[in-house]
1. Output yes when any residue across the range 169-179 is open to solvent by 20 Å² or more (accessible area, probe 1.4 Å), at pLDDT 95 or above, in contact with a helix residue (DSSP H, G or I) (Cβ under 8 Å, 6 or more places away or on another chain) and of a type in the set (Ser, Thr, Tyr), and no when none is.
2. Look through Glu206, Glu213 and report the one residue that is open to solvent by 50 Å² or more (accessible area, probe 1.4 Å) and closer than 14 Å to Gly11 by Cβ.
3. Applying the selection to the range 80-94, what residues are more than 16 Å from the chain's Cα centre (by Cα) and open to solvent by less than 10 Å² (accessible area, probe 1.4 Å)?
4. Are there any pairs with C-beta distances below 6 angstrom linking a residue in the range 212-230 that is modelled with pLDDT of 95 or more to a residue that is open to solvent by 50 Å² or more (accessible area, probe 1.4 Å) and aliphatic (A, V, I, L, M), with the two at least 6 apart or on different chains, and if so which?
5. Can you pull out every residue in the range 16-47 that is surrounded by 14 or more Cβ atoms within 10 Å (Cβ to Cβ), at pLDDT below 90 and among the aliphatic types (A, V, I, L, M)?
6. Let me confirm something: among Asp71, Asp61, Asp50, which residue is outside any helix (DSSP H, G or I) and surrounded by fewer than 21 Cβ atoms within 10 Å (Cβ to Cβ)?
Amino acid sequence: MIRVILTDIEGTTSSISFVHDVLFPYSAKYMADFVREGEADSTDIREQLDPVAQISGVARDDIEGLVGVLDTWIREDRKETPLKALQGMLWEQGYQQGAFRGHVYEDAAEYLQRWHDRGFRLFVYSSGSVKAQKLIFGFSEAGDLTPFFSGYFDTRIGGKKEPESYGNILNELGVEPLTVLFLSDVEAELQAAESAGMQTIWLIREGDIPDTERPVARDFADVDRFLLKR
């Protein structure tokens with residue numbers, strides 16, 4: 001019996017366009033000044049610049065060089081953990097200043113609350129930092145959805161296309177694999193979760209339905225129909 005629902009964000013609970021057309025351009029526009037201004041005053045920012053230097057090979061005291069690395073990573077949509085952490089900090093500023101609100105599909109907002117009320121434990125697993133995850137749901141167009149979630153996972157648990165990551169999540173949750181349903185729009189992520197023994201549903205919100213034996217859903221109402229059969 002499914003007791004835990006683990007969900008991706010981009011393309012699953014939220015539109016890909018919001019991330020790519022709103023959040024990424026915001027970080028591209030403001031990241032350089034955010035790092036320059038915060039490097040002297042913010043311990044959190046300094047802590048993330050250390051691994052940026054280690055990964056890139058740029059000297060830690062070369063702030064302009066590190067800014068250039070971050071700009072390149074943003075353009076390339078790199079899944080580097082320190083970049084995601086810095087983006088989360090920057091986006092928090094944008095949310096708090098009212099520059100944007102988090103996009104969550106109407107059906108996702110509705111069924112997240114329904115599933116929570118029915119006793120499912122809800123978790124998020126996204127390549128965005130835990131801070132960024134909490135922000136998109138906490139400042140969503142549908143209001144604060146964070147009370148519905150029991151926890152969040154990001155790339156610190158492992159890459160989303162690696163079976164070991166899902167095994168790590170299972171260990172953290174302390175549950176049997178078949179009690180967990182993973183929702184994503186990326187087939188490789190679903191395959192990795194299945195390798196760890198989880199059940200999966202492929203979210204295909206737009207376009208043709210692929211030829212596949214795994215369950216496919218157009219929206220969270222379809223996911224709910226699957227749950228009701230279990």
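1. No - not one qualifying residue is present in the range 169-179.
2. None of the others qualify; the one that does is Glu206.
3. Gly94
4. Matching pairs, first to second residue: Val216/Ile209.
5. Val19
6. Asp61
Okay, residues lined up against (1) open to solvent by 60 Å² or more (accessible area, probe 1.4 Å); (2) aliphatic (A, V, I, L, M); (3) modelled with pLDDT of 95 or more:
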residue: Arg78; (1), (2), (3): yes, no, no
residue: Asp107; (1), (2), (3): no, no, yes
residue: His116; (1), (2), (3): yes, no, yes
residue: Ser129; (1), (2), (3): no, no, no
residue: Ile136; (1), (2), (3): no, yes, yes
residue: Ser140; (1), (2), (3): no, no, yes
residue: Gly143; (1), (2), (3): no, no, yes
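The values are calculated or read from the model by the stated rules, or taken from the named source; none is laboratory data. Source: prediction; values computed, not measured. Note that we place each Cβ from the backbone using ideal geometry, even for glycine, and neighbour counts take in every protein chain shown. Please note that ligands, DNA and RNA were not included when accessible areas were found on the heavy atoms of the full protein model with its side chains. Shrake-Rupley method; radii C 1.70, N 1.55, O 1.52, S 1.80 Å.
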